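Working notes, structure below.
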Amino acid sequence: MSEPANPQSQTPAKPPAASAVEMTELVLPNDANLLGNLLGGRMMHWMDIAGGMAAIRHANRNVATIVVDCLDFRHPVHVGEIVTLKAKLTWVGRTSMEVVIHAYAENPMSGTVILTNTAYFTFVALDDAGKPTPVPGLTPETDAERQEWQAAAERRRKRLSNSCRTP
């Protein structure tokens with residue numbers, strides 16, 4: 001189920017691979033809590049940066065973070081470990097884009113790599129005046145990308161119906 005080019009956009013649709021980002025960070029003592037584990041806020045910051053870069057690449061515009069869904073902290077990340085963040089678009093609307101970010105921790109002494117975090121971030125593209133602007137469509141190419149597109153539509157529906165915003 002490929003999404004055609006966004007009719008409001010002058011740019012043709014792009015595949016998720018065209019804007020994918022891989023970012024690497026080394027966990028240093030100033031990134032950690034008193035237990036020597038990476039601060040959750042620092043991980044969120046890195047995930048926001050990686051996701052934002054993927055969204056910027058897709059939209060060829062500045063973006064703003066709108067919402068974070070399903071941020072899971074599965075395992076602690078320790079000082080001295082290498083964090084690799086992989087960000088990829090899963091869905092686009094008229095002006096918004098959903099990006100999945102997976103974070104992996106690598107123990108450089110043993111070579112062991114473990115998935116530590118996954119989250120879905122939604123970004124909106126901004127024009128030069130800071131207003132939402134149309135983005136190119138997304139063309140999922142693999143079965144996994146098409147499944148992610150369908151799941152993203154359901155996440156969006158739930159997000160819009162269960163907003164934590166007050167009226």
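Quick one: angle between helix 143-161 and the longest Cα principal axis of the chain, in degrees between 0 and 90, rounded to 10, please.
Compared with the principal axis, the helix lies near 80 degrees.
Please go through region 25-90 and write out the trypsin sites (Lys or Arg not before Pro) that DSSP classes as loop and that have at most 12 other C-beta atoms within 10 Å.
Those that pass, being in a loop and sparsely packed, are 74.
Share of Cα-Cα pairs in the chain beyond 18 Å, in percent?
61
Order the peptides 133-141, 105-113, 152-160 from the highest to the lowest mean number of other Cβ atoms within 10 Å of their residues.
133-141, 152-160, 105-113
So what's the angle, to the nearest 10 degrees on a 0 to 90 scale, between helix 40-59 and the longest Cα principal axis of the chain?
For helix 40-59, the angle is close to 30 degrees.
When 72, 48, 143 are ordered from fewest to most other Cβ atoms inside 10 Å of their Cβ, what list results?
Arranged by neighbour count, lowest to highest, 72, 48, 143 become 143, 72, 48.
May I ask you to derive the relative contact order of region 16-161, considering only C-alpha pairs under 8 Å and at least 6 residues apart, and to give it as an integer percent?
Once normalised by length, the contact order is 26 percent.
Below 12 angstrom from the Cβ of residue 81, what's the summed charge of the other residues (Lys, Arg +1; Asp, Glu -1)?
-3
Net charge near residue 134: determine it from the other residues with C-beta under 10 Å of the C-beta of residue 134, scoring Lys and Arg +1 and Asp and Glu -1.
+1
Just so you know, all these numbers are worked out from the coordinates, no wet-lab data involved. Since the structure is predicted, the reported quantities are computational estimates derived from the model, not experimental observations. With ideal geometry, Cβ positions are generated from the backbone for all residues, glycine too; neighbour counts draw on all protein chains shown.
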